[in-house]
1. Condition (residue is surrounded by fewer than 16 Cβ atoms within 10 Å (Cβ to Cβ) and either touching a residue at least 24 places away in the same chain (Cβ under 8 Å) or at positive phi (or both)) applied to region 183-190: is it met by at least one residue?
2. Being over 15 Å from the mean Cα position of the chain (by Cα) and under 15 Å from residue 102 (Cα atoms) is the filter; apply it to region 17-48 and report the residue that is surrounded by the fewest Cβ atoms within 10 Å (Cβ to Cβ).
3. Take the residues of region 127-171 that are under 14 Å from residue 184 (Cα atoms) and among the charged types (D, E, K, R): which is modelled with the lowest pLDDT?
4. Determine whether region 143-161 contains at least one residue that is small (Gly, Ala, Ser), part of a helix (DSSP H, G or I) and crowded, with 18+ Cβ neighbours inside 10 Å.
5. Of these, 80, 52, 129, which one is touching a residue at least 40 places away in the same chain (Cβ under 8 Å), among the basic types (Lys, Arg) and over 18 Å from residue 23 (Cβ atoms)?
6. In the set 146, 138, which member is of a type outside the set (Phe, Trp, Tyr), outside the structural domain of residue 21 (by TED's automatic domain parsing) and under 13 Å from residue 172 (Cβ atoms)?
7. Let me spell it out: the conditions are (1) modelled with pLDDT of 80 or more; (2) surrounded by fewer than 21 Cβ atoms within 10 Å (Cβ to Cβ), and residue 109 meets all of them except one. Which number is the exception?
Amino acid sequence: MLTAQYKNNHFAGMIDNGVEFFAEKGIIDVRCINMGIVYNSFSEFPEWIKLKLQQDLAGNPIAMRSLGRMKGITKEDYLKHYAFCKYGGLDPNPDIDVNGNMGESEYFDCGFRGACKAEGKLCCSIKVKNGSLTKMELNILKKAMLSNKRIADDLFISISTLKKHWQNMKAKTGMSTRAEYVYFATKKGIIKWIW
């Protein structure tokens, strides 16, 4: 099942005033779609989109502090990094909806996970009802449509270890069925569907 924002094979911004940000893994620049126009670089974004990002960033003091601690980026680059880290994945949920509301942060495999000092502060560490998901739990969710044996084999863990991770995720999320996990992972951009 797809979200209400994804209709008739259109992402936000393709035919409306919504906005969908997206980026390439390992390249810190971000693109967006708005009113059917693809802006291929942050520098090309309309000012109103930059303003929305600035307002969103201003309401996130942890992200602001993390950007301030990152070496080699200027204040002018803060918004570009923020959009890349928080909204870089192409998914069916609008990053700015047609009413101008900012969407939820999404999981994006940016190419820097595990090495970035701002990980989980600037980007999306998937927060759930009772905590945040670990890197291993995210890796499991990426494979949630597979059998437990296949997931365990792919991640080089035992079935019993995998079952323990499922139990931990159930305690954190309140979800119990595989269908719930697949839906959640799809909505958050952890599982990518080919349309």
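1. no
2. Going through the qualifying residues, I end up with 48.
3. The residue in question is 127.
4. yes
5. Answer to the check: 129.
6. 138
7. Just one mismatch for residue 109, condition (1).
The values are calculated or read from the model by the stated rules, or taken from the named source; none is laboratory data. Everything quoted here is computed from the prediction, not taken from an experiment. With ideal geometry, Cβ positions are generated from the backbone for all residues, glycine too; neighbour counts draw on all protein chains shown.
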